[in-house]
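Notes for the one structure printed next.
The values are calculated or read from the model by the stated rules, or taken from the named source; none is laboratory data. Bear in mind that the values here come from a model prediction, so they are computed numbers and not experimental data. So basically every Cβ, Gly included, is an ideal-geometry build from the backbone, and we count neighbours across all protein chains shown. Accessible surface areas use protein heavy atoms only, side chains included; no ligands, DNA or RNA. Shrake-Rupley method; radii C 1.70, N 1.55, O 1.52, S 1.80 Å.
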Amino acid sequence: KQMQLAKGRGQEIAANQKAFQTFLAQAETAEQTQDLLRIPVVVHVMHAPGEAYGVASNITDEQILSQIEVLNEDFRKQLGSRGFNNLAVGADTEIEFCLATRDPAGNVSNGIVRVPYSGSNNFQLAQDINMKDLSRWPTTRYLNIWIVKSIQSGILGYAYLPETLNGDPNRARIDGLVIGARYFGSRDKQPVNQNFYLDNTFGYGRTATHEIGHYLNLAHTWGDGGCEVDDGVGDTPLCSGQYFGCPPNPARPNQCGNDRMVENYMDYSDDVCFNIFTQGQKTRMRSAMQFYAFRNSLTSPANLIATGCTDSSNNLFADTLF
């Protein structure tokens, strides 16, 4: 999991951060009336040439749908098949995800696009914009997710913070998530007659949850530093550096005077360990949806109608499949 940031725009990004923090402070003290926010999604399967449907990076529709279900469990604090998101202090973010049933032209779609792509294996970050140019739906109307076979240096996935995109001339071309095929979907939701192409440790859908956290302006819980660096969220305990694994192996660290919240989706823990967004993270994500126009447009009533996402129930598998 990695957050890929825009480069060379330090002062502009700092100004974006400052303006957002002012907006966030007002949101934290204001009387909150919560509306359910539904985000239309399109998944671009950029599979290696010659790979048939259901083989390796050309992952099945069922594997993709299993990921959408996990996202809705995680963001809505619903009890999943492994008991994810069951901490009492966890927040229902009131954000949902829907595979689009209409493409940008209004045609019926399943929200999945399949494109043979020679750079799918060991995808290079330097090719980010070129790959996305091959298949993209408008980023102000859809959350675009690109699936590749694997990413350089063992990266599971990456996304851009909206504060780094605001004012970037390439924003509309690069906005969205890139995720390795073995980390998109859930082993827990694999039908008995299928074999999903998923990793043993990170094959339960938490990479997409983590990266969408970045997409909605969440930083890593350790703030990408030590005890002196904060993630901008008041109710996530200060911690230091990256954490890998899941207690008791390794043990939960006590850092910066706190027990580390290794269950938080914005850490680097194993998938089976994750189960919480905090109330502060909820406020920050929902504030980002309001503050940044290119996020706010996703959930407008007109866009939900145009993308076929006024009702997300058709995106979820029946329980009898699992």
Taking the condition in a helix (DSSP H, G or I), crowded, with 21+ Cβ neighbours inside 10 Å and not β-branched (Val, Ile, Thr), does Gln281 pass?
-> yes
Looking at (1) open to solvent by 10 Å² or more (accessible area, probe 1.4 Å); (2) in contact with a Gly (Cβ under 9 Å, 6 or more places away or on another chain); (3) closer than 22 Å to Leu65 by Cα, can you tell me which one Tyr160 breaks?
-> (3)
Which condition number in (1) without any contact (Cβ under 8 Å) to a residue 24 or more places away in the chain; (2) outside any loop (DSSP other than H, G, I, E, B) is the one that Pro169 fails?
-> (2)
Just one listed residue, out of Arg182, Arg136, is under 24 Å from Glu96 (Cα atoms), of a type in the set (Lys, Arg) and part of a loop (DSSP other than H, G, I, E, B), and it is Arg136
Check the stretch 5-25 and report whether any residue there is more than 16 Å from the chain's Cα centre (by Cα), in a loop (DSSP other than H, G, I, E, B), modelled with pLDDT under 95 and surrounded by 14 or more Cβ atoms within 10 Å (Cβ to Cβ).
-> yes
Qualifying positions in the stretch 41-50 - open to solvent by less than 30 Å² (accessible area, probe 1.4 Å) and farther than 16 Å from Leu134 by Cα = Val41
Going by the structure shown, is Asn264 surrounded by fewer than 16 Cβ atoms within 10 Å (Cβ to Cβ) and either out of contact with any Asp or Glu (no Cβ under 6 Å at 6 or more places or on another chain) or under 24 Å from Asn166 (Cβ atoms) (or both)?
-> no
Would you tally the residues in the stretch 122-137 being in contact with a strand residue (DSSP E or B) (Cβ under 8 Å, 6 or more places away or on another chain), open to solvent by 30 Å² or more (accessible area, probe 1.4 Å) and closer than 17 Å to Ala181 by Cα?
-> 2
